[in-house]
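> One structure, as structure tokens, below. Some questions next.
Derivation of every value follows stated rules applied to the coordinates shown; laboratory data play no part. None of the values given here were measured: they were computed from a predicted structure. Every residue, glycine among them, receives a Cβ derived from its backbone with ideal geometry; neighbour counts consider all protein chains shown.
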Amino acid sequence: MSETKDVLILAIESSCDETAAAVVRNGREVLSNIISSQIEIHKLYGGVVPEIASRKHIEKINQVIEEALEEANVTLDDIDAIGVTYGPGLVGALLVGVAAAKAIAYAKKIPLVGVHHIEGHISANYIENKELEPPFACLVVSGGHTHLVRVKDYGEYEILGRTRDDAAGEAFDKVARAIGLGYPGGPKIEKLAKEGNPDAIAFPRAHIADSQYDFSFSGVKSAVLNYINGCEMRKEEYNCADIAASFQKAVTDVLTENAMRAGEEFGMDKFAIAGGVASNGTLRNAMKEACENKGVKFYHPSPIYCTDNAAMIGVAAYYEYMKGTRHGWDLNAVPNLKLGER
């Protein structure tokens with residue numbers, strides 16, 4: 001009986017401000033994961049500037065692909081397919097990755113597999129949790145997305161809830177700006193919150209009446225801004241660490257409650273988190289504790305696989321490739337791509 005041939009995927013991710021490339025073997029083994037971050041550049045502007053992000057991707061894309069191949073000790077001749085994020089994200093940024101992937105696939109005559117960015121985040125959980133297989137529930141929390149997803153099978157998803165307004169990470173960034181922390185907001189709020197009292201200020205927890213699994217974070221963000229404005233008008237001092245801790249707790253409480261309610265209703269005994277905000281220690285600990293209380297197995301990626309990276313795209317691309325997903329030369333960037341769309 002012949003041995004099953006290893007499948008090597010070269011993956012490219014350029015949906016926002018990280019230019020990344022990775023080589024993944026058989027969907028679970030990361031041979032390389034190269035990330036070129038633009039955070040220092042965008043810090044100057046208090047957030048990601050799409051035009052600058054696109055230009056930087058053009059400068060870096062070939063370099064990170066070459067590094068990824070070199071670190072994995074393979075050449076393009078060893079690659080079985082190219083996986084690339086084609087949405088959602090910043091259209092100019094996505095186009096750089098898609099163009100590079102198409103060029104390589106065309107030149108080497110190998111399959112092209114377009115990957116949904118959120119599917120990538122969910123798939124990051126497979127890298128270090130070899131035993132994790134669908135079905136399970138997953139909370140995807142990042143700067144652009146807050147989704148509660150039922151993972152029915154590889155590449156098969158049902159969205160149970162999503163944010164109606166700001167994503168959780170977006171709210172973190174806006175509150176961080178309001179209290180003078182700057183960009184990126186998530187890590188800075190988490191750090192400052194450690195010095196504050198999470199019960200000092202009662203910020204609101206929004207629950208959507210007609211959809212129990214949807215989220216809304218613009219209210220809590222506005223409550224923080226109103227609290228600061230109120231203090232300033234009354235010429236009262238306010239404690240930024242208390243604001244950070246209380247805001248973080250309000251967001252964490254809503255995320256955890258909705259997640260646990262969904263897990264219970266659908267009888268899920270496995271729960272995962274993913275996305276940039278999933279590296280937040282307070283959220284991670286709250287989810288872990290909630291899962292333990294309900295006897296649910298809890299999974300999460302290491303922080304390096306929570307933020308945008310190409311390894312997670314390689315994992316998602318592998319399962320799409322094995323399912324027979326192939327894209328043609330007409331593959332385009334889709335900035336508002338919905339999960340489950342092809």
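> Could you work out how much longer the chain between E29 and R55 gets when fully extended? Use 0.36 nm per residue separation minus the Cα distance between them, nm to one decimal.
Length gained, E29 through R55: 6.3 nm.
> Please work out the Kirkwood hydrodynamic radius for the chain, using every pair of different C-alpha atoms, and report it in angstroms with one decimal place.
20.5 Å
> Residues of the stretch 107-146 with the amide nitrogen closer than 13 Å to a label point 7 Å from the Cα of K152, along Cα-to-Cβ, please.
Of the residues in the stretch 107-146, 135-136 have backbone N under 13 Å from the label point off K152.
> Could you please rank F136, F247, placing first whichever residue has the fewest other Cβ atoms within 10 Å of its Cβ?
Going from least to most buried by this count: F136, F247.
> Work from the charge dipole of the chain (Cβ charges, +1 for Lys and Arg, -1 for Asp and Glu, about the Cα centre) and give the residue of V296, A137, I9 farthest towards its positive end.
Comparing the listed Cα positions along the dipole, A137 ranks first.
> Translational diffusion coefficient of the stretch 1-127 at 37 °C, 0.692 mPa s, Stokes-Einstein with Kirkwood Rh over Cα pairs, in µm²/s as a whole number.
After rounding, the answer is 221 µm²/s.
> Now, a different point. Given R₀ = 25 Å, what would the calculated FRET efficiency be for E236 paired with N197, taking r from the Cβ atoms and rounding to 0.05?
0.90
> Which entries in the list K152/K249; K43/K297; K108/K323; K60/K191 go over 28 Å, if you measure between the two C-alpha atoms of each?
Violating the 28 Å Cα-Cα cut-off are K152/K249; K43/K297; K60/K191.
> Let me ask something else about it. Mind checking the full-extension length gain between K323 and N129? Use 0.36 nm per residue of separation minus the Cα-Cα distance, one decimal, nm.
67.7 nm
> What distance in nm separates the two pseudo spin-label positions at L44 and D77, each 7 Å out from Cα along the beta-carbon direction?
It works out to 4.3 nm between the two label points.
> Let me ask something additional. Counting only GluC sites (Glu not before Pro) that sit in a DSSP loop (anything but H, G, I, E, B) with at most 13 other Cβ atoms within 10 Å, what is the longest stretch of the chain containing none of them?
Within the chain, the longest run free of exposed GluC sites (Glu not before Pro) spans 4-130.
> Between I313, I208, I118, find the one with the highest GNM mean-square fluctuation for the chain; connect C-alpha pairs within less than 10 Å.
I208
> Placing unit charges on C-beta atoms (Lys and Arg positive, Asp and Glu negative, everything else neutral), compute the dipole magnitude of the stretch 16-145 about its Cα centre in debye, rounded to 20.
Computed about the Cα centre, the dipole is about 380 debye.
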